[in-house]
Amino acid sequence: MKEIIAYMSRFITRVELENYIEQIYLDEAASTQTLKIFVAPSTLVARFAQTKYAEKLAEFFEIKDGVKPEVKITTREEKNEIAKNINMKNIRATSLKLLPNLTFENFVVGSSNQVAFSACHAIAHTPEKAYKIVFIYGSTGLGKTHLLQAIGNSCMEQGREVLFMSAEQFMNDFVKNISGNTMSKFKERYRSCDVLLIDDIQFLGRGDKAQEEFFHTFNEIHDSGGFVVLTSDKPPKLLDNFDGRLKTRFEWELCTDITPPDLETKICIIRNKCENEGINLSKDVVEYIAVNMGDNIREIQSAIISINAHAAVVGESITLEFAKNIIKDRIKEFSEKVDIEDIIRIVSQDLNIKPSDITDGTRTKQAIKARQICSYLAKNLINNVTMQQLAKSFGMSDHTAIVKNNKKIEKDMENDSLFKAKIEELKSKTRQKM
């Protein structure tokens, strides 16, 4: 409670602290990540504190944990009833709690995640048309867990039996039941569910017996018409130490990736987060975060919360300079040395083309645009590079072509603010140490 009291002292008087905040305590045993239960000495104190301080207390936990919980301030007599209702509501949930704010409605869909989103949405809303087995892979922080949670939240509202957990928790539960000689209960629990959601399935590869049990669980759910949705940081064929039978089953129906979002999608994600949280960020702050914070959505959302929390504490408006100062330690250090190969690698990845298309004179519209961007970035980021060197590297006729190209890029940046932000993003990605 010391941290909570210190935080609340910034917003209320000493008298209020003594009469209300210091009179309540956090019941950690009854609380979860999404629900914090405080106990007050009387109904009067509980009702007043609930009305006046619950929102600020929720903000404290959001800053501390990155998740904004519901705050309930009650008396000892009423606490047990609240906990009972919460347990009944989540009786079919699992060891990893479903977060109610992770839904399909607040998931931003873009070209990088469209297939995965559609498959997950179908399981929740049109199961008769959905794939029974869905395997989603991609780097951390791109929304895989959000989609699992969205399926879980939606299906549980419909009364469907859902199990959601990480592969690590599946293994721990398996070992616990083996040791306790209660495997019959374990099998009944897992094999009778309607929807099985396993996050980070790659960590199941460390236990042969756990894999064997998961193999049979997988088959049982599939054969009974249930759904299995798995996430991983890599596709099935690259999963080390996995039985071939399991890897084959992971690809039975839909196997799809989630790739890093493009700049426009990142800007939409930031605006969506701000709208949901009631945060007001100007256009230049939104674009700065999108351009410089990389592609990890979880890290981007954390940066937004941090900026807003610091502004609230010090009572300042969120200017571009203020935001830069708050998140400066979250941005990767810039490298002093950039070469043409770095630029080609970053641009080809971003535009989803082969590096050779940039260097060998390919005349497709996308290749020409990528070549133009690369030569512009090289001219602006590489010291002591000559026009002749750039022309040779990018298959252009001579130095006059480079000059003409750079002028075109500059004009496009003047006329299109989103394209300008895209160029700034590519500059940032190229200069950031990998």
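Some values worked out for this structure:
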{"read-out": "Which numbered condition residue 345 fails, given (1) within 22 Å of residue 261 (Cβ to Cβ); (2) not in a helix (DSSP H, G or I)", "value": "(2)"}
{"read-out": "Unique residue being open to solvent by 10 Å² or more (accessible area, probe 1.4 Å) and either closer than 22 Å to residue 261 by Cα or not in a helix (DSSP H, G or I) (or both) when the list is 400, 362", "value": "362"}
{"read-out": "Test: residue in the range 136-154 that is under 30 Å from residue 261 (Cβ atoms), of a type in the set (Phe, Trp, Tyr) and either assigned to a helix (DSSP H, G or I) or open to solvent by less than 40 Å² (accessible area, probe 1.4 Å) (or both)", "value": "no"}
{"read-out": "Residue that is farthest from residue 131 (Cα to Cα) [pool: residues in the range 179-200 that are part of a strand (DSSP E or B) and among the hydrophobic types (A, V, I, L, M, F, W, C)]", "value": "198"}
{"read-out": "Filter result (basic (Lys, Arg) and more than 15 Å from the chain's Cα centre (by Cα)) within the range 96-154", "value": "97, 129, 132"}
{"read-out": "Search result, residues across the range 301-323 that are among the aliphatic types (A, V, I, L, M) and free of Cβ contacts under 8 Å to residues at least 40 places away in the same chain", "value": "303, 304, 307, 311, 314, 318, 320"}
{"read-out": "Residues satisfying the stated conditions in the range 268-295, i.e. in contact (Cβ under 8 Å) with a residue 60 or more places away in the chain and closer than 20 Å to residue 64 by Cβ", "value": "276, 277"}
{"read-out": "Criterion (open to solvent by 40 Å² or more (accessible area, probe 1.4 Å) and within 30 Å of residue 274 (Cα to Cα)) met by exactly one of 379, 324, 422, 354", "value": "324"}
{"read-out": "Residue satisfying all of: in the range 237-263; open to solvent by less than 60 Å² (accessible area, probe 1.4 Å) and part of a helix (DSSP H, G or I); nearest to residue 350 (Cα to Cα) among these", "value": "263"}
{"read-out": "Considering residues of the range 328-341 that are part of a helix (DSSP H, G or I) and open to solvent by 40 Å² or more (accessible area, probe 1.4 Å) only, the residue nearest to residue 260 (Cα to Cα)", "value": "330"}
{"read-out": "Tally of residues being open to solvent by 60 Å² or more (accessible area, probe 1.4 Å) and at pLDDT 85 or above across the range 302-315", "value": "1"}
{"read-out": "Number of the exception - residue 269 against (1) at pLDDT 85 or above; (2) over 23 Å from residue 426 (Cβ atoms); (3) outside any loop (DSSP other than H, G, I, E, B)", "value": "(2)"}
{"read-out": "Pairs, first on the phi > 0 side of the Ramachandran plot in the range 177-204, second open to solvent by less than 10 Å² (accessible area, probe 1.4 Å), C-beta under 6 Å, six or more apart", "value": "200/167"}
{"read-out": "Some residue of the range 157-166 being free of Cβ contacts under 8 Å to residues at least 60 places away in the same chain, closer than 20 Å to residue 258 by Cβ and acidic (Asp, Glu)", "value": "no"}
{"read-out": "Verdict on residue 372 being in a helix (DSSP H, G or I), of a type outside the set (D, E, K, R) and surrounded by fewer than 16 Cβ atoms within 10 Å (Cβ to Cβ)", "value": "no"}
{"read-out": "Residue in the range 10-46 that is nearest to the chain's Cα centre (by Cα), counting only those that are farther than 17 Å from residue 58 by Cβ and part of a loop (DSSP other than H, G, I, E, B)", "value": "29"}
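Matching residues to (1) within 26 Å of the chain's Cα centre (by Cα); (2) within 21 Å of residue 119 (Cα to Cα):
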| residue | (1), (2) |
| --- | --- |
| 176 | no, no |
| 186 | no, no |
| 189 | no, no |
| 194 | yes, yes |
| 205 | yes, no |
| 222 | no, yes |
| 231 | yes, yes |
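This table checks each residue for (1) at negative phi; (2) modelled with pLDDT under 90; (3) part of a helix (DSSP H, G or I).
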site: 77; (1), (2), (3): yes, yes, yes
site: 91; (1), (2), (3): yes, yes, no
site: 101; (1), (2), (3): yes, yes, no
site: 121; (1), (2), (3): yes, no, yes
site: 131; (1), (2), (3): yes, no, no
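The values are calculated or read from the model by the stated rules, or taken from the named source; none is laboratory data. Only a predicted model underlies this, so the values are computations on that prediction, with no experimental measurement involved. Using ideal geometry, Cβ is built from the backbone for each residue, glycine included, and neighbour counts are taken over all protein chains shown. Surface areas here come from the heavy atoms of the whole protein model, side chains and all, with no ligands, DNA or RNA. Shrake-Rupley method; radii C 1.70, N 1.55, O 1.52, S 1.80 Å.
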